[in-house]
1. Can you tell me how many residues in the stretch A:8-48 are touching a helix residue (DSSP H, G or I) at 6+ places or on another chain (Cβ under 8 Å) and in a strand (DSSP E or B)?
2. If you check A:Gln23 against the conditions, is it among the polar types (S, T, N, Q), in contact (Cβ under 8 Å) with a residue 12 or more places away in the chain and within 14 Å of chain B (Cβ to nearest Cβ)?
3. Can you tell me which residue in the stretch B:116-136 is farthest from B:Cys53 (Cα to Cα), limited to those that are buried (at least 18 other Cβ atoms within 10 Å of the Cβ) and of a type in the set (S, T, N, Q)?
4. Exactly one condition in (1) in a loop (DSSP other than H, G, I, E, B); (2) surrounded by 14 or more Cβ atoms within 10 Å (Cβ to Cβ); (3) out of contact with any Phe, Trp or Tyr (no Cβ under 9 Å at 6 or more places or on another chain) is false for A:Pro256; which is it?
5. Of the conditions (1) in a helix (DSSP H, G or I); (2) modelled with pLDDT under 80; (3) more than 28 Å from A:Asn213 (Cβ to Cβ), A:Leu244 fails just one. Which one is it?
6. Taking the stretch A:158-175, which residues are under 11 Å from A:Ala49 (Cβ atoms) and aliphatic (A, V, I, L, M)?
7. If we keep just the residues of the stretch B:225-249 that are outside any loop (DSSP other than H, G, I, E, B) and surrounded by fewer than 16 Cβ atoms within 10 Å (Cβ to Cβ), which is farthest from the other protein chains (Cβ to nearest Cβ)?
8. Going by the conditions given, is A:Ala149 closer than 15 Å to A:Leu185 by Cβ, at pLDDT 90 or above, more than 9 Å from chain B (Cβ to nearest Cβ) and out of contact with any Cys (no Cβ under 6 Å at 6 or more places or on another chain)?
Amino acid sequence: MEVVVRVEDVSFQYANENIYALQNISFQVYKGEWVTIVGHNGSGKSTLAKLLIGLLPSTSGTIHVCGIPLNEETVWDVRKRLGIVFQNPDNQFVGTTVQDDVAFGLENQGIQKDEMSKRINEALKKVKMEDFIHHEPHRLSGGQKQRVAIASAIALQPNVIILDEATSMLDPSGKKEVLHVMESLRREHHMTVISITHDLNEVAKADRVLVMNKGRIVLEGTPAHIFSYGSKLEQMGLDLPFSLQLSQQLKQKHIPLTMDHLNMEGLVSELWTLYSAMSNTVTK
Amino acid sequence: MMNSMIIGKYVPGDSLIHRLDPRTKLIMMFIYVFIVFLANNGWTYGLLTCFTCALFVLSRIPITFMLKGLKPILWVIVFTFLLHVLLTKEGHVVFQWFGIEVYDKGIQQGAFISLRFLLLIVVTTLLTLTTTPIEVTDGMESLLSPLKKWNIPVHELALMMSISLRFIPTLMEETEKIMKAQMARGVDFSSGPLSERMKAMTALLVPLFISAFKRAEELAVAMEVRGYRGGNYRTKWRELTWKRADTVFMLLLTLLAIALCLLRS
C-alpha cells in the first residue's frame, strides 16, 4: 500500500525546556486510511500536528509527506499536500463569507477564477454547506464553521486531512455533524485522515489508533485492540466511551455480556437479546 | 444589538446603484465632494439637489434608512443655518425680533450652506447603504494599486481591513460575553463616578486584548497552512468588473460638473 505520511524517529524539544515533548516517534499512514492519534493534554499530540505541517522543526528524525522530505525548502510544497482543520472554529475563518473563506486558499495558490468557482461549489457540496455560500461566519453555528473549514481544506485537494482537535469546542450535535461529514468524505472520496483527539468516543471510527502518553507512542492497533486495555487507558487520563464503561460495569455485576462494546447500538442489542432470553427461561 | 450598529448600515438590494462597481461609487463620491462647492446660486443648487435625489431614488433605499442616517447630524445642519442667519449682515432686513436683525442674504446663505452639508451627507450615506464594507475594501485596493510601485503594501492593507471587518462581530460577541461574566462577578460598568467606570473597563479590556492576540496568532497559523505567502502570486476571487452602467454614471457626473461650471454666478 502507498505510504502517504512517514514519520521516522522524530523527537522534539521546546526551547527552554529540558524534557522532550516528543520522543522517538515513528509511524506511517497509508493511503485511504483513517488514523486517530489519541492522548491526554500534554501528551505531545498537538506538538506532533505542528511538526507535520512544518510549523515547528523537529529536533531530530525525518518526516516524509508523499515522498517529499519535510524541511525548510519544501515546507510550502508539503503544505499543499496537507489540509488541516484546527480546534477553534472562529480563528480559522479568514473570509468575510463562506465562499470567500473557501476561496482564500485557492487564491493563495494562484488558481484561476473559473476553476476556483468550480472547486468552491464542489467542496461546499461535499460538506453539505452549499446553501450557505453567502453567509457571514457570525450567522453560522460552530459545527457549520468547522464544516466550512473542512471544505476550505478539501478545495485545495490535499492528499491528507489532519483534524487537530477539530470537534473539541463543539456541542454534541456539532460534533456529530462534523464526524458525519468526515465519514462520508472518507467513504465516498477515499480521503486519508489523521485525526488528533483526546476523546476516545471518536476513536471507534478509526482504522488504526495510536495512543500517546508523555511524548511517546505507547499503544498502537485497531480500536477494539486499544479498548481492551481498559483501565490502562484510564490511568493515562483518557475517558473510555460510555458504552464501554457501562458494559464493563455490568460484567462486574455478573451480567453475562460477551463483548467489549465500542458503541451504544451493539450494547443495546446484546442487552435486549439477553433480556428476552432470560425472560423466556423464567416463563418456562 | 451592537452588531447592527456597524454591520447593519448596508441595506441589501439589487438596484442600479447597488450593482455599480465600488470603484465607480468611490470615485463619484470623491468628485462629488469637490463639485458641491461649485454651486453658489439657486440654479446650481437646484441641479445638485435633483441629481442627488435621482441617485437616491435609483438606489431604492427606503427613506427611513436615510433619515436614520441623517438624524445624528441634523442639529449640526440646524446650527449652521442659524449661525448664518444671525451673523450675516448683508441685503435687506427681513424682520426684527428683540433687537436681532435678520437679513435676506443671511437666510439665503444659511439655506445654501446647510443644503450643501445635507447633500454631502446624503451622498456619503448612500455609498455606505448600497456598498458592503468588503466591496469598499476591494474598490480601494484596486484604486490604490498603482501605489505598489512605491512599495506601499496595498494588498496587505486591504487584507488587514477585510480581516478586521470579518472579526468585528466576533469581537463584539466576545465583549458582550466578557461583560456578562464580569458583571456576574460584581463589576459595575454602568453606574458610579467616571473614574470608577474607567477602572471597571480594565476588567473588560484586559481579557478582550488577551483573547484578541490569541485569535490573531491562531489565524496567522491557519492562513499560513493554507498557503498564504503575501500578495505576489495570488489570484482574486472577487474580481471587479467595469460595466457600461459605470461608464454612463461617470459621464453623467462629468456633465453635472460642466453644467455647474456654466451655471454658477
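1. 9
2. Taking the combined requirement at face value, the residue does not satisfy it.
3. So, considering only residues that are buried (at least 18 other Cβ atoms within 10 Å of the Cβ) and of a type in the set (S, T, N, Q), the one farthest from B:Cys53 (Cα to Cα) is B:Thr132.
4. Checking A:Pro256 against (1) in a loop (DSSP other than H, G, I, E, B); (2) surrounded by 14 or more Cβ atoms within 10 Å (Cβ to Cβ); (3) out of contact with any Phe, Trp or Tyr (no Cβ under 9 Å at 6 or more places or on another chain), the one that fails is (2).
5. (3)
6. Hits for the stretch A:158-175 are A:Ile162, A:Leu163, A:Ala166.
7. Going through the qualifying residues, I end up with B:Val248.
8. It is false that A:Ala149 is closer than 15 Å to A:Leu185 by Cβ, at pLDDT 90 or above, more than 9 Å from chain B (Cβ to nearest Cβ) and out of contact with any Cys (no Cβ under 6 Å at 6 or more places or on another chain).
The values are calculated or read from the model by the stated rules, or taken from the named source; none is laboratory data. This structure is a prediction, so every number in the text was calculated from the model and none was measured. Virtual Cβ from ideal backbone geometry, glycine too; neighbours counted across all protein chains shown.
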